[in-house]
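> Dropping the structure in here first, questions after.
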Amino acid sequence: MVIVNRLDPTSGVPLYLQVERSLQQRVDVGEWVPGERLPTEEELGKAYGVSRVTVRQAVARLVDRGVLVREQGRGTFVRDTSLTAGARWVTSFTAELAQLGHSAGSRVLGQTVVTAGEEDLPPEMQLPADARMLRLRRLRTDGSRPVGVQTALLPLDRFPGLADIDFTDRSLYRTLNERYGLVPREAVETFTVGGVLDEDATTLGVAPGAHAFYVERLTFDAHGPFEHVRSVMRGDRYRVRLALRTS
């Protein structure tokens, strides 16, 4: 596709900012749709009449802002923002994606019994160091696309027999409700931003250090906290949008 060069070297606005704004506008009007690959830096440089370094700087700013995403060995793509969590309830990942019109998938990466002393648990759980816990580590997907790795920790004193259940094709929250009568009431989540660690990169299909949300969640029912979850969610496939009010 031919790009009309509208850069103005005399405007006082750095060329990389002009390229950034132009690329943003082209994404906004739908010239490139979510998931579509952009032309290479060399192609964009020739079209805009600037160096690859200038294009790289503009693209890097759009990547940092979440407009574009780089995939190692494949190129730069328009970020798919359809998987955006808005107003949220105490629910499972499966239900959350269903509310967004997506089909959630799951693959068990590990299911073991550990003790509370082996894990970095929040003090609210008030568990002795020798308390036995189910540690359920799963890859969560949107269709077949990796979204995040979640590790859930649940006390087995509250849920006897939970460690013996095969969660390969089974919902954890549905099991807790149907087998133990549990109804979640509230949850506290803490989000931080960091790079994907080496041990998760291959599973998530990204390069080590790729942007990610790190989420810690403590979930409560009528009797108190029953679950602690640590998640690493791909920053290019998962977003959170919050509505803020003055009162």
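The values are calculated or read from the model by the stated rules, or taken from the named source; none is laboratory data. Since we're looking at a predicted model, the values are computed, not measured. Please note: Cβ atoms are built from the backbone with ideal geometry, for glycine as well, and neighbour counts cover all protein chains shown. Side chains are part of the model used for accessible areas, which takes the heavy atoms of the whole protein and leaves out ligands, DNA and RNA. Shrake-Rupley method; radii C 1.70, N 1.55, O 1.52, S 1.80 Å.
> Of the residues in the stretch 19-34, how many are touching a residue at least 24 places away in the same chain (Cβ under 8 Å) and out of contact with any Phe, Trp or Tyr (no Cβ under 6 Å at 6 or more places or on another chain)? Before the answer, list the steps.
Residues of the stretch 19-34 touching a residue at least 24 places away in the same chain (Cβ under 8 Å): 19-20, 22-24, 27, 31-34.
In the following step, the residues that additionally are out of contact with any Phe, Trp or Tyr (no Cβ under 6 Å at 6 or more places or on another chain) were identified as 20, 22-24, 27, 31-34.
Summing the residues that are touching a residue at least 24 places away in the same chain (Cβ under 8 Å) and out of contact with any Phe, Trp or Tyr (no Cβ under 6 Å at 6 or more places or on another chain) in the stretch 19-34 gives 9.
> Cβ contacts < 9 Å: first residue closer than 30 Å to LEU156 by Cα, restricted to the stretch 182-211; second residue of a type in the set (S, T, N, Q) and part of a strand (DSSP E or B), any location; separation 6+ or different chain. Result?
Taking only residues 6 or more apart or on different chains, the pairs are PRO184/THR219; ARG185/THR219; GLU186/THR219; ALA187/THR219; VAL188/THR219.
> Could I ask something else about it? Quick check on this structure: which one of PHE191, PHE167 is open to solvent by less than 30 Å² (accessible area, probe 1.4 Å) and among the aromatic types (Phe, Trp, Tyr)? Walk me through how you get there before you give the answer.
Values: PHE191 fails: open to solvent by less than 30 Å² (accessible area, probe 1.4 Å).
After applying the criteria, what remains is PHE167.
> Given VAL206, VAL113, VAL183, which one is of a type outside the set (Ser, Thr, Tyr) and part of a strand (DSSP E or B)? Spell out how you get there, then give the answer.
Working: VAL206 fails: part of a strand (DSSP E or B); VAL183 fails: part of a strand (DSSP E or B).
On inspection, the qualifying residue turns out to be VAL113.
> Taking the residues in the stretch 127-151 that are in contact (Cβ under 8 Å) with a residue 24 or more places away in the chain and not in a strand (DSSP E or B) as candidates, determine which candidate is least open to solvent (accessible area, probe 1.4 Å).
Of the residues in the stretch 127-151, the ones in contact (Cβ under 8 Å) with a residue 24 or more places away in the chain are 127, 131-132, 134-151.
Okay, now just the ones that are also not in a strand (DSSP E or B), so 127, 131, 143-144.
Numbers: LEU127: 62, ALA131: 11, GLY143: 44, SER144: 108 Å².
That would be ALA131.
> Return the pair list, or none, for Cβ contacts closer than 9 Å from residues in the stretch 63-79 that are loosely packed, with under 11 Cβ neighbours inside 10 Å to residues that are not in a loop (DSSP other than H, G, I, E, B), at least 6 apart or on different chains.
Once the first residue is loosely packed, with under 11 Cβ neighbours inside 10 Å and sits in the stretch 63-79, its partners that are not in a loop (DSSP other than H, G, I, E, B) give ASP64/HIS211; ARG74/ARG37.
> Sticking with this one: Considering only residues that are open to solvent by 70 Å² or more (accessible area, probe 1.4 Å) and of a type outside the set (D, E, K, R), look in the stretch 30-52 and name the one that is nearest to the chain's Cα centre (by Cα).
Residue satisfying both the conditions and the ranking: PRO34.
> Being touching a Pro at 6+ places or on another chain (Cβ under 9 Å) and under 19 Å from VAL78 (Cβ atoms) is the filter here, so list the residues in the stretch 221-237 that pass it. Break it down into steps so the answer makes sense when it comes.
Pass one, the stretch 221-237, residues touching a Pro at 6+ places or on another chain (Cβ under 9 Å): 221, 225-228, 234, 237.
Selection gives ARG234, ARG237.
> Same structure again: Taking the stated definitions as given, is ASP200 open to solvent by less than 20 Å² (accessible area, probe 1.4 Å) and of a type in the set (Asp, Glu)?
Yes; evaluated as a whole, the condition is true for this residue.
> So, one more: When residues of the stretch 95-105 are filtered for being open to solvent by less than 50 Å² (accessible area, probe 1.4 Å) and either part of a helix (DSSP H, G or I) or at pLDDT 90 or above (or both), how many remain? Lay out the reasoning, then the answer.
Keep residues of the stretch 95-105 that are open to solvent by less than 50 Å² (accessible area, probe 1.4 Å), which gives 95-97, 102, 104-105.
Adding the requirement that they be either part of a helix (DSSP H, G or I) or at pLDDT 90 or above (or both) leaves 95-97.
Total meeting the criteria: 3.
> Additional query: Sort out which residues of the stretch 170-181 are without any contact (Cβ under 8 Å) to a residue 24 or more places away in the chain and either farther than 16 Å from THR219 by Cβ or of a type in the set (Phe, Trp, Tyr) (or both), and write them in order of number.
Listed by number, the residues that qualify are ARG170, GLU178, ARG179, TYR180.
> Right, another one. Are any of the residues in the stretch 205-214 within 14 Å of the chain's Cα centre (by Cα), open to solvent by 80 Å² or more (accessible area, probe 1.4 Å) and of a type outside the set (Asp, Glu)?
Yes, some residue in the stretch 205-214 is within 14 Å of the chain's Cα centre (by Cα), open to solvent by 80 Å² or more (accessible area, probe 1.4 Å) and of a type outside the set (Asp, Glu).
> Let me confirm something: among VAL19, VAL108, VAL27, VAL55, which residue is modelled with pLDDT of 75 or more, within 24 Å of the chain's Cα centre (by Cα) and part of a helix (DSSP H, G or I)?
Numbers: VAL19 fails: within 24 Å of the chain's Cα centre (by Cα); VAL108 fails: part of a helix (DSSP H, G or I); VAL55 fails: within 24 Å of the chain's Cα centre (by Cα).
Selected residue: VAL27, the only one of VAL19, VAL108, VAL27, VAL55 that is modelled with pLDDT of 75 or more, within 24 Å of the chain's Cα centre (by Cα) and part of a helix (DSSP H, G or I).
> Let me ask another. For the stretch 173-204, how many residues meet the condition of being among the β-branched types (Val, Ile, Thr), modelled with pLDDT of 90 or more and within 18 Å of the chain's Cα centre (by Cα)? Steps first, answer last, please.
In the first step, residues of the stretch 173-204 are kept if they are among the β-branched types (Val, Ile, Thr); the result is 175, 183, 188, 190, 192-193, 196, 202-203.
From the residues that got through so far, the ones that are modelled with pLDDT of 90 or more too are 175, 183, 202-203.
Now narrow it down to the ones that are within 18 Å of the chain's Cα centre (by Cα): 202-203.
Residues flagged as among the β-branched types (Val, Ile, Thr), modelled with pLDDT of 90 or more and within 18 Å of the chain's Cα centre (by Cα) within the stretch 173-204 amount to 2.
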